[in-house]
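Accompanying notes for the structure given below.
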Amino acid sequence: MTGRASTVGALLALSFVLVIAIGACGEVDHPACYPGDYLGCLCSSEVRGFATCNDGAYGACVCDGRTPGLDGSADATTADSGVVDAGKKGFLGDCTKNDDCETGLFCKDFPAKGTFCSRSCTTSTAATDCPPPSSGCNKDGVCKAP
Amino acid sequence: MSTRRLTRTTIAIAIVAAGFLLEMERHAHAQGAPPPPSDIPPPTDVPPASGPQDAPPPTDQASAPTTGVAADDAAPPPSKKAARDDVAEVRVIGSKADSLQKTPGSGTIISQKDLQRAQPVDTAEMLRRVPGVQVRQEYGGGNRIDISIRGLEGGRSRRVLLLEDGIPVSINPYSEPDMYYAPVIERYRGIEVVKGSGNILFGPQTLAGTINFLTLAPPDTQRAAVDVDVGTYGYVRGYANYGDRLGDARYVVQVLHRRGDGFRDLAFDSTDILGKLAVPTGADGTAMIKIGYHRDDAASDDIGLTAAMYAAEPRRRALSPASHLVLDRYDLSVTHEQRFTDHVKLKTLAYAYRTDRIWRRQDYTRSPSRGEGYAYVAGDTNTPGGAIFFRDANTVLDRTYDVMGLEPRFEIKVRTGPVAHTIDTGGRVLRETAAYEQRSGGYAETYAGSLDFEEKHSGTAFAAYLQDKIAFADNLIVTPGIRVEHLEFNRVVLRQLEGGSPKDVFVEGKKTINGIVPGIGMVYGTKQLNVFGGLHVGFAPPRVTSSISARGISSDVGADKSLNYELGTRTMPSKWSRLEATGFLSNFSNQVIVATGPAAGENNLTDAGSTNLYGIESAGLVSFDKALKWPTVVEVGARYTFSRATFRHGPNAGNLLPYAPLHNFNANLDVEHPSGFGGQVAYSFTGAQYTDAANNVAEDVTGIVGRLDPRHIVDATLRFKHKPSGLTFRLTAKNLLDAQYIIARRPEGIFAGAFRQIIFGVRWDWDGAKRE
């Protein structure tokens, strides 16, 4: 191999190394989401909810009918915590507005029956989503009032 | 792009490039070609056009006779044979070695050598080195640039006249002079920038400056170049050009492709193709035919971060990656030069270009509605205006622009006694059209959607100019001139929202704009030291959508008008130094700016009324190697601009114009060793700037309002030229110190400046003439 060819070869070999090094260089590693973000998700065919970003990933879909920023945070963990909000009405308690209901519930107007705290549901999970005295999940994806 | 995929891609490119290079080397030896000489000239794309591109080297006053700036205007005209070898093109400064010294205004030439040393990734990088010019890149791929000169509104570069080989490049130069097409730096062998009274030879914008990009020139002999770059953020760029002579004809072809993941996951992909053919048209004529194609395909969101988002994570990814812009540009031009006599020549430009642009922008709101199904929510929902609610829907802006123009340009040299005249006169006929459609898309990634708005508009422009460069004596040139513009706008709205629903309509409006642009400039002195000055009227027609409403009513938004003064000096005190300083003052009776505020949108232009601009630009260059007789080239260049642009009347009287910093400074150190090693370090400083007419310092929750802090950027390049093989290796760091800064708060929020980027490149230049 001539001197010039070996020089060119060495330079090209160095180029490969630099290409690999640059390609492997650290770049901004964007997380899937950022704290405080919400992702819209589908609770049922017509009902949408929001999943909250925690630790760089979205949690479970929360289907309480609330819109972040308007109705307070839609936090999936709170909905399942079982903690009773002081002064708030529980499932199928009477209400006049969303804030009257415990976290995870919303105030729903049932024509001819009145307004009660209820939650979103699916027909396949109605048994657990809508315990008695509710009679099941209606076609709007909301637990029925008695 | 994952690291593994990037590595595989870059290795593949490097292997292909290496294989090609080694094959060419083997082929050369197989043909019995002698080894190339050791003194192969520095790599160039193709040789420059006839005449040097750089400003003339300084001459030592002690050793050379002093010559007036106009001394060679009395010299014998060039021979007829020279015309056949010339490149037919239009220059704003000129192709002769002393053209810059004769320019009656501030001017800058960025040469091929400057481009080779800086290794720019985009045009903005080089334009920032021009005194008085401020540039903002909108996106990481440099796909759109906002150019401002001396504090003028820089949005979409609509107040600067941008030309390529003397031909306008904005989408509709009169009706909508926006730059959605950012010229790719790889097309060019040089850039001319002229400010002051020299602008009246071109137009229609004569407010502050003209930038003329000079494309590659067909070579006299067979030449080729291949250049490959790879960098962080998935950046890959490759281009190749080839040129040769076929009898009396010469041609060059270049193909470029560039892609990247972007700094904030705003991926981009660009392709550019250029072809030029220079042919003689008889004994005294030459023509240049140019054809080009450009495509940009890039993620382009128009929503920036809120203040809280930026504070929490300045490098947060783009908020709306579904927003996307695709642009296709086709251009064809013929430039013909005919010498009738030794004193009269005619250059004729005929051109046509089409720009297709489709931009889908995801819908969003800062004021949510209960029950609405938002795709995602970003930001602080507990603070009003602190969050952005994105819908799974979009607005599609689908536009097509066509431009056709014809420009005859005469140059006539006559004498009246001892006085030499160079008369430039000519005109322009230009027809431009645009077709708009705006659609509502049913999901964020669609380009379809239902038609909400449709319009067509057109402009027919007639312009004429006359300028006489009068050399009263060897050391005095006075250049009076005048330009006249006549423009007829027509706008027809065919569909628009009425009562909340789109309806077919027919609403037509017309408007006629006239402009008279006189100017006078002067240069006095020698080529080593001269003083220049000028006065000219600035003019820029209003956008058609600003001057005719969607109801067909002519609005009060008129043309930008100004009165501009300049006084400066250029000196070459020795053969190794060069200095220039220019003072300027512009009084605008009406300047149109972008209204800024949470309720303002990108295209919400408003009359700022009377404004003032004044300041000083300066530039210097010192060649230490020439001064100290070193074998290693060591050059230091620096440029400083002070510019104060303020409102004269109204509630904001005395306030600075938005995005008009008081101070700009940049400098570069270039080193080239005879061994082939070389490099450049470039530093730039941009002072603080306000982003709204009220000059609010404090940032608001949306991030749209608030002062921008000063920024310091350092770029560096190391390179090695292996002369025997024609290979050049370079390692470049853009924003070497990884400075973190906000580059803009518009159109809707905070946009971070480019992050540190490392780029490695290999280039191979091949000169067929030296292999024979």
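Structural remarks
Residue-wise test of (1) closer than 30 Å to residue B:90 by Cα; (2) of a type in the set (A, V, I, L, M).
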{"residue": "B:344", "(1), (2)": "yes, yes"}
{"residue": "B:347", "(1), (2)": "yes, no"}
{"residue": "B:362", "(1), (2)": "no, no"}
{"residue": "B:366", "(1), (2)": "no, no"}
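- Candidates B:668, B:695: the one that is at pLDDT below 95 and assigned to a strand (DSSP E or B) is B:668.
- Residue in the range B:248-260 that is within 13 Å of chain A (Cβ to nearest Cβ) and crowded, with 20+ Cβ neighbours inside 10 Å present: yes
- Condition check for residue B:714: part of a strand (DSSP E or B) and within 14 Å of chain A (Cβ to nearest Cβ): no
- Answer residue from the range A:90-133, given it is among the acidic types (Asp, Glu) and not in a strand (DSSP E or B) and is modelled with the lowest pLDDT among those: A:99
- Flag for residue B:380 being among the acidic types (Asp, Glu), touching a residue at least 24 places away in the same chain (Cβ under 8 Å) and in contact with a helix residue (DSSP H, G or I) (Cβ under 7 Å, 6 or more places away or on another chain): yes
- Each residue in the range B:331-340 was checked for being open to solvent by 40 Å² or more (accessible area, probe 1.4 Å) and under 27 Å from the mean Cα position of the chain (by Cα), and 3 pass.
- Applying the condition of being open to solvent by 40 Å² or more (accessible area, probe 1.4 Å) and touching a Gly at 6+ places or on another chain (Cβ under 6 Å) to the range B:222-247 and asking which residue is farthest from residue B:293 (Cα to Cα) yields B:222.
- Counting the residues of the range B:321-378 that are within 14 Å of chain A (Cβ to nearest Cβ) and β-branched (Val, Ile, Thr) gives 2.
- For the range B:750-771, filtered to residues that are outside any strand (DSSP E or B) and open to solvent by 20 Å² or more (accessible area, probe 1.4 Å), the residue that is farthest from the other protein chains (Cβ to nearest Cβ) is B:769.
- Here residue B:654 passes the criteria (1) out of contact with any helix residue (DSSP H, G or I) (no Cβ under 9 Å at 6 or more places or on another chain); (2) open to solvent by 20 Å² or more (accessible area, probe 1.4 Å); (3) within 14 Å of chain A (Cβ to nearest Cβ) except the one numbered (3).
- Number of positions in the range B:727-749 that are within 14 Å of chain A (Cβ to nearest Cβ) and either touching a Pro at 6+ places or on another chain (Cβ under 7 Å) or closer than 24 Å to residue B:124 by Cα (or both): 11
- Looking across B:406, B:476, one residue alone is on the phi < 0 side of the Ramachandran plot and either without any contact (Cβ under 8 Å) to a residue 60 or more places away in the chain or in contact with a Cys (Cβ under 6 Å, 6 or more places away or on another chain) (or both). It is B:406.
- Some residue of the range B:650-658 being in contact (Cβ under 8 Å) with a residue 12 or more places away in the chain, closer than 30 Å to residue B:378 by Cβ and not polar (S, T, N, Q): yes
- Applying the condition of being of a type in the set (A, V, I, L, M) and surrounded by fewer than 17 Cβ atoms within 10 Å (Cβ to Cβ) to the range B:394-413 and asking which residue is farthest from the other protein chains (Cβ to nearest Cβ) yields B:412.
- Strands (runs of 3 or more DSSP E) enclosed by the range B:140-240 - at least 1 residues per element that are more than 25 Å from residue B:276 (Cβ to Cβ), in contact (Cβ under 8 Å) with a residue 24 or more places away in the chain and more than 14 Å from chain A (Cβ to nearest Cβ): B:145-149, B:188-195, B:209-215
- Restricting the range B:341-392 to residues that are acidic (Asp, Glu) and within 33 Å of the chain's Cα centre (by Cα) leaves a set whose member that is surrounded by the fewest Cβ atoms within 10 Å (Cβ to Cβ) is B:356.
- Candidates B:544, B:517, B:523, B:505: the one that is open to solvent by less than 20 Å² (accessible area, probe 1.4 Å), of a type in the set (Val, Ile, Thr) and more than 29 Å from residue B:642 (Cβ to Cβ) is B:544.
- Subset of the range B:442-459 that is within 33 Å of the chain's Cα centre (by Cα) and over 17 Å from residue B:547 (Cα atoms) - its residue that is most open to solvent (accessible area, probe 1.4 Å): B:445
- The range B:695-711, subset among the β-branched types (Val, Ile, Thr) and open to solvent by less than 60 Å² (accessible area, probe 1.4 Å), residue farthest from the other protein chains (Cβ to nearest Cβ): B:705
- Exactly one residue among A:141, A:93 is more than 17 Å from residue A:43 (Cβ to Cβ), open to solvent by less than 20 Å² (accessible area, probe 1.4 Å) and not polar (S, T, N, Q), and that residue is A:93.
The values are calculated or read from the model by the stated rules, or taken from the named source; none is laboratory data. A quick note: this is a predicted structure, and the numbers were derived from the prediction, not measured. All Cβ positions, even for glycine, are placed from backbone atoms using ideal geometry, and neighbour counts span all protein chains on display. Just the protein is used for accessible areas: all its heavy atoms, side chains included, with ligands, DNA and RNA removed. Shrake-Rupley method; radii C 1.70, N 1.55, O 1.52, S 1.80 Å.
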